[in-house]
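Colleague: The following block contains the structure, expressed as structure tokens.
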Amino acid sequence: MDNILEHIDSPEDLKRLDIGELVRLAAELREFIISNVASTGGHLASSLGAVELAIALHYVFNTPADRIVWDVGHQAYAHKILTGRRGRFHTLRRLNGISGFPRPVESVYDAFGAGHSSTSISAALGMAAARDLSGGANKVIAVIGDGSLTAGIAFEGLNQAGHLKKDIIVVLNDNEMSISPNVGALSSFLSSKITGRFATKVKKEVEGFMKTIPMIGDRLLSVARRAEDALIAFLTPGMLFEALGFHYIGPVDGHDMQAMVGAFQDVGALKGPVLLHVLTKKGKGYAPAEKDSAAFHGVGAFDVATGVALKPSKPSYTNVFSSALVELAQSDKRVVAITAAMPEGTGLAMFAERFPDRFFDVGIAEQHAITFAAGLAKEGFIPVTAIYSTFLQRAYDQVFHDVCLQNLPVVFALDRAGLVGQDGATHHGLFDVAYLRHLPNMIIAAPKDEAELRHLLYTAVRCGSPMAVRYPRGNCMGVDVASPMKEIPIGRAETIKSGEDLTIIALGAMVQPSLEAVERLERSGVSASVVNARFVKPLDEAALIKAAASRYGIVTVEEGALMGGFGSAVLELLDERGVRCPVKRCGVPDEYIEHGTQEELRAMLGLDCAGIEAACRSLINGVPTIKAVKADAAC
């Protein structure tokens, strides 16, 4: 039997197939996705659950003229394969390969870029409004998961869509999951298996019964169908969406190809806002992913037969943070933990198990998470909000208005700070230093290793002010963490190695490659100091002024945006104190960084030991010997 997938190079090829062939294609797609992701890593469970959904969308609608806007993009692998990227799918998330998320620059079929959740409805509504202003007639479809629907922006989009009455289709992909199991009253309302499956059964039985009635009149048929719709709306979230101005259809079995094709044909003929409720299973077709979809949300390379990761997992910074926070909570009942739908990803699952009453998962709602934390802090608790650096960007105003302005002791545990690797531009944590350090009352720190992470977390919990501790994705340095946590004086740097020719001031994960660079410099007679900055704000003024006395000056190294980042802060302080000193900054330039391994990206950006060594030699070769001068005192 021929492999159908091998002959699918565009959605047009799908339209020649019958339903039976589409079912076979779905099975082949799953096998193809599993075998490839086992080598490349990626977001597996979500994409396996949306295979029939992707096929049916492209089978019924006229893409790319009809716009499909995928929310987040975790579930879009089948979409990528069906739209001409099958031959490059083995490069998924690799340097110079295809992205793990929808990207318009990659394909005309990717209608809108994504990587952060809950944006699809707003973007699709904007496209629908643009279509109407331009006199177009194409369809616009937003595909959003029930987890993403817990974010406020999704309901802002629904509310406006219902008000404008635009011709837009929202597909609610309901698998009862975001990355971890969904939480909250709304989630419970949306994702009830009992009502969803029961309603589907009732609908089929009603339709079957109606077909058995001979010569049923049109009027009676219309009444029966209205009664059926009313019953379904009562038993499902239909009431909610109808109240928002949407015509609700569903729930539909998302793995029944014929039902999916029929549903899309039906909604495609309707005008105005329509919501199609689709029930799917995350990890569908691969037993290990069905059993533990959270573990298979984002995976590295694994053995297909067993589902076991090929590379043994070493302790990560997330693991160390997790253990340290539990330790702190044991000795201080004021410590509480907050996550935005990622207890496993942020390491808070252990805290949730040990202290369920002091653990809060707010769903995909970072803005709410921060203001909720502020409320807890106002009443005397010490909330630790564990959020990926890239996702805290979604709550900037809450950090400013609700935390810093009131100087409330909220701890921001910023996981995945710096280059995260294969998830690419949407997920790199490169901007937190720049967008946090100008806020009054905010303290920002970054540990050089896992032991220092423990100490800085301990310091943050005790400091009584807003404090962000940023730490990288990946494995730790192998430093002993058995010693008790201790408080580090706020703003105190650490000189790790002393030298006279120049000083490298490194932040966080950049300390180790800076030490390696100094070893290489010493082989050619260059004597360099290495200072572990530890704090971005406040800076260690005494340490910086001492560094400015180095023969050739200072090299700052940070895994973050140069514009407004740590190096900029160093320059500002030296300028304010009237210190003249050559400063060369190493970091991330004013551009978005694509996907690749962390090692590849650091080498590309000059943030590995070779790049730091080259920066130091550039400073030495390009700058004459200069003695630092301080306006109001000798250096």
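Colleague: Which one is farthest from G283 (Cα to Cα) among residues in region 12-31 that are of a type outside the set (D, E, K, R) and surrounded by fewer than 19 Cβ atoms within 10 Å (Cβ to Cβ)?
Modeller: Among those residues, the one meeting the criterion is L17.
Colleague: What is the one condition in (1) crowded, with 24+ Cβ neighbours inside 10 Å; (2) within 25 Å of L439 (Cβ to Cβ); (3) aliphatic (A, V, I, L, M) that A517 does not satisfy?
Modeller: All conditions pass for A517, except number (2).
Colleague: Further, regarding this structure: Can you find even one residue in region 561-580 that is in contact with a Pro (Cβ under 7 Å, 6 or more places away or on another chain) and at negative phi?
Modeller: yes
Colleague: Collect the residues in region 564-575 that are surrounded by fewer than 24 Cβ atoms within 10 Å (Cβ to Cβ) and touching a strand residue (DSSP E or B) at 6+ places or on another chain (Cβ under 9 Å), keeping them in residue-number order.
Modeller: S568, L571, L574
Colleague: From R103, R93, R67, grab the single residue that is without any contact (Cβ under 8 Å) to a residue 40 or more places away in the chain and either over 25 Å from V37 (Cα atoms) or in contact with an Asp or Glu (Cβ under 8 Å, 6 or more places away or on another chain) (or both).
Modeller: After applying the criteria, what remains is R103.
Colleague: Same structure, new question: Out of the residues in region 333-354 that are assigned to a helix (DSSP H, G or I) and not charged (D, E, K, R), state the one that is surrounded by the most Cβ atoms within 10 Å (Cβ to Cβ).
Modeller: Looking at residues that are assigned to a helix (DSSP H, G or I) and not charged (D, E, K, R), I get F351.
Colleague: Additional query: Please indicate, with yes or no, whether at least one residue in region 10-23 is acidic (D, E), touching a strand residue (DSSP E or B) at 6+ places or on another chain (Cβ under 7 Å) and either at positive phi or not in a helix (DSSP H, G or I) (or both).
Modeller: The answer is no, given that none of the residues of region 10-23 is acidic (D, E), touching a strand residue (DSSP E or B) at 6+ places or on another chain (Cβ under 7 Å) and either at positive phi or not in a helix (DSSP H, G or I) (or both).
Colleague: Out of the residues in region 454-489 that are hydroxyl-bearing (S, T, Y) and closer than 24 Å to E558 by Cβ, state the one that is surrounded by the fewest Cβ atoms within 10 Å (Cβ to Cβ).
Modeller: Here the answer is S465.
Colleague: Let me ask something else. Please pick out the residue among V518, V536, V511 that is at pLDDT 95 or above, of a type in the set (V, I, T) and in contact with a Phe, Trp or Tyr (Cβ under 7 Å, 6 or more places away or on another chain).
Modeller: The match here is V536.
Colleague: Give the residues of region 355-366 that are in a helix (DSSP H, G or I) and either without any contact (Cβ under 8 Å) to a residue 24 or more places away in the chain or surrounded by 23 or more Cβ atoms within 10 Å (Cβ to Cβ) (or both), sorted by residue number.
Modeller: Passing the criteria: P356, D357, E366.
Colleague: Next question. Please tell me if A506 is in contact with a Phe, Trp or Tyr (Cβ under 8 Å, 6 or more places away or on another chain), closer than 30 Å to A425 by Cα, crowded, with 19+ Cβ neighbours inside 10 Å and modelled with pLDDT of 95 or more.
Modeller: Here the answer is no, as A506 does not meet what is asked.
Colleague: Another question, then. For region 65-98, what are the residues that are in a loop (DSSP other than H, G, I, E, B) and either over 29 Å from H277 (Cβ atoms) or more than 26 Å from the chain's Cα centre (by Cα) (or both)?
Modeller: Scanning region 65-98 gives A65, D66, L92, R93, R94, L95, N96, G97, I98.
Colleague: Kindly check whether there is at least one residue in region 147-160 that is crowded, with 20+ Cβ neighbours inside 10 Å, out of contact with any His (no Cβ under 6 Å at 6 or more places or on another chain) and at positive phi.
Modeller: No, region 147-160 contains no residue that is crowded, with 20+ Cβ neighbours inside 10 Å, out of contact with any His (no Cβ under 6 Å at 6 or more places or on another chain) and at positive phi.
Colleague: With respect to G283, is the statement that it is modelled with pLDDT of 85 or more and within 19 Å of I144 (Cα to Cα) true?
Modeller: Spelling it out, G283 is indeed modelled with pLDDT of 85 or more and within 19 Å of I144 (Cα to Cα).
Colleague: Scanning for something over 30 Å from G285 (Cα atoms) and β-branched (V, I, T), does region 393-408 turn up at least one residue?
Modeller: Yes - at least one qualifying residue is present in region 393-408.
The values are calculated or read from the model by the stated rules, or taken from the named source; none is laboratory data. Computed from a prediction, not measured in an experiment: that's the story for all the values here. Quick reminder, even Gly has a Cβ in these numbers, built from the backbone with ideal geometry, and neighbours come from all protein chains shown.
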